[in-house]
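Quick notes on the structure that follows.
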Amino acid sequence: MSLYDELIADPFSIRRYLAILEPYDPLLETTVPLYLSDHGFTTEPDEVPGNQYFDSRLLSALSFERHLYRSGQLEGRSVPGFGTLDINNADGALDDWRSFAFDGRRVRLLLGGDRFRLADYRTVFDGTAERIEFDDDRIRLHLRDLQVLFERPLQQTLYLGTGGSEGDAGLKGRPKPLCYGRCFHVPAVLLDAATLTYQVHDGQISGVDAVFDSGLALIAGTEPPAPSHYAVDLAAGTFRLGSAPNGPVTAHVHGDATGGAYAEDAASLMLRIAMRASGLTLIDWSAFADLTLAGPMATGFFAGQETGMLSALDSLADSIGAHFGFDRQGQFTVGRLTEPAEIATESFDDSAIVSLEREPSALPLWRQKLGYARYWRPLSDGESAAALGAEARSDLAAPHRYADASDPTIQVRHKLAGDAQKDGLLATETDAATEAARRLALFGIARDLFRVRVKTRPYSLTLGSTIRITYPRHGLAEGRNLVLAGLSEDSAFDEAELTLWG
């Protein structure tokens, strides 16, 4: 057992904290490291950095809160973690920090003990500062996890409008399109009107399955394409028409294949999108591999206009009921809401439970509709070709098709049971029906949501894990396994507030 494991296992051990802040110094025009501790600490000469003193100014251990989903929901958008760190400035020695820019800059907090060298400490937070507040005695640093890396446009490469691959003048300043996975009726961007060259992705793609003019399929061909034909350049993510179109040009595309590698499961697409963010260095590869195994279904995402990276990640995750975020070590990680596991990773009874409250929970669903095969460029009745039948034209006008799973018997017990419809990015009806059935199994029965405050070792619990609660009330007397959906840690008191679902 390592020194750190011994420290965490011993409830009476003395815990020591180190903090490394990296604000921007406008005078030096670079970031500068600031070293703090709660006890005064100096590294050994052979460590990096060597003989570095960590000033004894931390007033309290980190307080931090994280949740799988936003606004107490058990699906939908992700939410960043946030917390605070308090620093002693009663002597005014840190007043010059006011000139530093802390927002968006890296902050690390390390946990160790009295006998520890720097190498024995473990990272318990790796994220960024959101803002800093000063008063006469104290500096408070507001923290966020690294989800701030994704608060940027998905595509930052714009057309120059200079011709060729940079598009005609009318495209100047417009983001180049991005296509990931399996996408239907992608609105192709006209790069060159003279050569009828269209682009569907900024880079190499796996394939173009079909091209349409006003919803009518054109014929695949080779260069130079004949009238009513098209020829594809996979390396450039483009195709060329053999004759001028009569209306909107769309395409079914197997998208990004950078380096010849194509992927279409949601986890892989989320990873490709996330890796476009500068500063992302740590990835929980095993978590992504597990999510690919759990949700291998074909998905697709297309961005033809300015689109936020977080919005893209949220849409893909929500399509398979997944969540994403950053763990304590700053790793980008993913998971998926499932039933509580049969074996819990941690358990608490009334000897460790400080308080327990039942929270309001949503009524069960009796039907779940889930969208699939999204058309990224629906065609209005006036845009689709008159030669198409009424049924085909109606289909082309709808952004989504829907698969559903239902159980009317749920309404016998719950007369107000919900009928939910969610748009999605899955490619096939079969996969959408399977995912809809999975969600109905999760949300088609009455669920409980508890807010539980417990005495626990700091930094020992993991979001999405299964916790066993034994308590004399609320049907918990025999013990019950629940999913940890939210976590607020107060390491100064060795307590945590858990949001538990099951």
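The values are calculated or read from the model by the stated rules, or taken from the named source; none is laboratory data. Note that the coordinates shown come from a computational prediction; the quantities given were computed from them, not determined experimentally. So basically every Cβ, Gly included, is an ideal-geometry build from the backbone, and we count neighbours across all protein chains shown. Quick note on the areas: whole protein, heavy atoms, side chains included, nothing else; ligands and nucleic acids left out. Shrake-Rupley method; radii C 1.70, N 1.55, O 1.52, S 1.80 Å.
Side notes on the structure shown:
- Just one of the listed residues (Ser355, Ser286) is assigned to a helix (DSSP H, G or I), under 27 Å from Phe125 (Cα atoms) and either modelled with pLDDT of 95 or more or of a type in the set (Gly, Ala, Ser) (or both), namely Ser286.
- Thr281 vs. criteria open to solvent by 10 Å² or more (accessible area, probe 1.4 Å), among the β-branched types (Val, Ile, Thr), touching an Asp or Glu at 6+ places or on another chain (Cβ under 7 Å) and more than 15 Å from Leu425 (Cβ to Cβ): no
- Unmet criterion (only one of (1) modelled with pLDDT under 95; (2) out of contact with any strand residue (DSSP E or B) (no Cβ under 7 Å at 6 or more places or on another chain); (3) farther than 27 Å from Gln331 by Cα) for Arg438: (1)
- Scan of the range 75-85 for residues that are not hydrophobic (A, V, I, L, M, F, W, C) and not in a loop (DSSP other than H, G, I, E, B), ordered by number: Gly83, Thr84
- Contact map, the range 325-350: residues that are surrounded by fewer than 19 Cβ atoms within 10 Å (Cβ to Cβ) paired with residues that are among the aromatic types (Phe, Trp, Tyr) and in a loop (DSSP other than H, G, I, E, B), Cβ distance under 9 Å, separation 6+ or inter-chain. Pairs shown: Asp349/Tyr471; Asp350/Tyr471.
- Filter result for the condition that a residue is open to solvent by 10 Å² or more (accessible area, probe 1.4 Å) and at pLDDT below 95, over Leu449, Leu461: Leu449
- Hits in the range 479-490 (condition: open to solvent by 10 Å² or more (accessible area, probe 1.4 Å) and over 17 Å from Arg358 (Cβ atoms)): Ser488, Glu489, Asp490
- The range 465-478, residues that are open to solvent by 40 Å² or more (accessible area, probe 1.4 Å) and assigned to a loop (DSSP other than H, G, I, E, B): Thr470, Tyr471, Pro472, Arg473, His474, Gly475, Ala477, Glu478
- All of Gly221, Gly173, Gly215 fail the test of being at positive phi and either at pLDDT below 95 or open to solvent by 30 Å² or more (accessible area, probe 1.4 Å) (or both), apart from Gly173.
- Tyr230 in a strand (DSSP E or B), of a type outside the set (A, V, I, L, M, F, W, C) and free of Cβ contacts under 8 Å to residues at least 40 places away in the same chain: yes
- In the set (1) aliphatic (A, V, I, L, M); (2) outside any strand (DSSP E or B); (3) over 17 Å from Asp327 (Cα atoms), the condition left unmet by Leu461 is number (3).
- Filtered residue count, the range 26-40, keeping only those that are under 31 Å from the mean Cα position of the chain (by Cα), surrounded by fewer than 18 Cβ atoms within 10 Å (Cβ to Cβ) and touching a residue at least 12 places away in the same chain (Cβ under 8 Å): 4
- The lone criterion from (1) open to solvent by less than 70 Å² (accessible area, probe 1.4 Å); (2) in contact with a Phe, Trp or Tyr (Cβ under 8 Å, 6 or more places away or on another chain); (3) closer than 25 Å to Gly325 by Cβ left unmet by Ile410 is number (3).
- Tabulated pairs, the range 420-441, first surrounded by fewer than 21 Cβ atoms within 10 Å (Cβ to Cβ), second among the charged types (D, E, K, R), C-beta under 6 angstrom, 6+ apart or interchain: Gln421/Lys369
- Check on Arg16, over 30 Å from Arg447 (Cβ atoms), under 34 Å from the mean Cα position of the chain (by Cα) and of a type in the set (Lys, Arg): yes
- Residue-level check: of (1) open to solvent by less than 40 Å² (accessible area, probe 1.4 Å); (2) in contact with a Gly (Cβ under 9 Å, 6 or more places away or on another chain), Thr456 misses just (2).
- Consider the range 41-61 and keep the residues that are among the small types (Gly, Ala, Ser), in a loop (DSSP other than H, G, I, E, B) and surrounded by 12 or more Cβ atoms within 10 Å (Cβ to Cβ). The one that is farthest from the chain's Cα centre (by Cα) is Ser60.
- Scan of the range 6-32 for residues that are closer than 29 Å to Arg457 by Cβ and either touching a Cys at 6+ places or on another chain (Cβ under 7 Å) or in a loop (DSSP other than H, G, I, E, B) (or both), ordered by number: Asp10, Pro11, Phe12, Ser13, Ile14, Arg15, Glu22
- Residue tally, condition part of a loop (DSSP other than H, G, I, E, B), open to solvent by 20 Å² or more (accessible area, probe 1.4 Å), more than 18 Å from Gly304 (Cβ to Cβ) and not charged (D, E, K, R), over the range 233-267: 8
- When we screen Ile139, Ile205 for residues that are among the β-branched types (Val, Ile, Thr) and closer than 30 Å to Asp91 by Cα, the only hit is Ile139.
- In the range 368-412, the residues that are of a type in the set (D, E, K, R) and in contact with a Pro (Cβ under 8 Å, 6 or more places away or on another chain): Arg374, Arg377, Glu383
- The single condition from (1) loosely packed, with under 15 Cβ neighbours inside 10 Å; (2) in contact (Cβ under 8 Å) with a residue 40 or more places away in the chain; (3) part of a loop (DSSP other than H, G, I, E, B) that Gly207 fails is (3).
- Restricting attention to the range 289-309, the residues that are part of a loop (DSSP other than H, G, I, E, B), touching a Leu at 6+ places or on another chain (Cβ under 8 Å) and of a type in the set (S, T, N, Q) total 1.
- Across the range 9-19, the number of residues qualifying as open to solvent by 20 Å² or more (accessible area, probe 1.4 Å) and in contact (Cβ under 8 Å) with a residue 24 or more places away in the chain comes to 6.
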